Amino acid sequence: MAGPTQRRSIKQQGREAAVDALRKRCFDRVRAGRESLLDSLRGLAADSPHGTEGQLRQLAHEVLQDVPPDDWLDEEAMIALEQEIYEELCAEVQRAQDEAQRLEDLQNEEDCALFEQHLLPGVHCPLCGDGRLQNDAGLVSNVLLKVIAVAGECTTVLVLDTPLVVFVMR
């Protein structure tokens with residue numbers, strides 16, 4: 001009788017073979033895909049009556065024949081071309097600088113208007129957005145629109161042909 005065999009768990013027995021089998025199947029699938037791709041590309045060249053490679057070479061020769069010799073741009077023409085490109089780039093830079101200056105001026109104007117609004121006495125008016133509300137002895141008035149409301153009441157006023165409701169809080 002032979003000696004006792006060493007026991008291994010089922011997980012260890014089948015794992016190595018399963019991993020190797022999966023790896024082998026993946027490599028086979030990649031090889032088959034690569035072969036089919038190459039075969040289809042080879043078939044494209046073989047299927048065309050003139051051959052794709054020959055057509056490409058003929059097209060390249062035609063393009064090269066259409067191009068004038070190397071001296072097609074002499075030195076003066078190259079300098080003129082460089083000067084024209086330089087002028088276009090300078091004009092583009094100038095346009096960008098003008099646009100940046102215009103935006104900076106616009107931002108400065110808006111900041112000045114906001115600062116002037118901040119310097120006015122009272123509270124910002126939610127109705128017009130430009131004026132300030134002031135409370136003078138029970139009367140709430142808008143400095144710019146001259147809207148007056150009695151404290152504690154709701155008053156409807158006509159401002160710029162639009163009826164507005166003013167709620168006054170104490």
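The values are calculated or read from the model by the stated rules, or taken from the named source; none is laboratory data. Predicted model, so just to flag it, every value in this text is computed and none were measured.
Here are the numbers for the structure shown:
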quantity	calculated
One residue from 99, 87, 116 being under 29 Å from the mean Cα position of the chain (by Cα) and at pLDDT 70 or above	99
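This table checks each residue for (1) outside any helix (DSSP H, G or I); (2) more than 41 Å from the chain's Cα centre (by Cα); (3) modelled with pLDDT of 70 or more.
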{"residue": "7", "(1), (2), (3)": "yes, yes, yes"}
{"residue": "18", "(1), (2), (3)": "no, yes, yes"}
{"residue": "26", "(1), (2), (3)": "no, no, yes"}
{"residue": "36", "(1), (2), (3)": "no, no, yes"}
{"residue": "60", "(1), (2), (3)": "no, no, yes"}
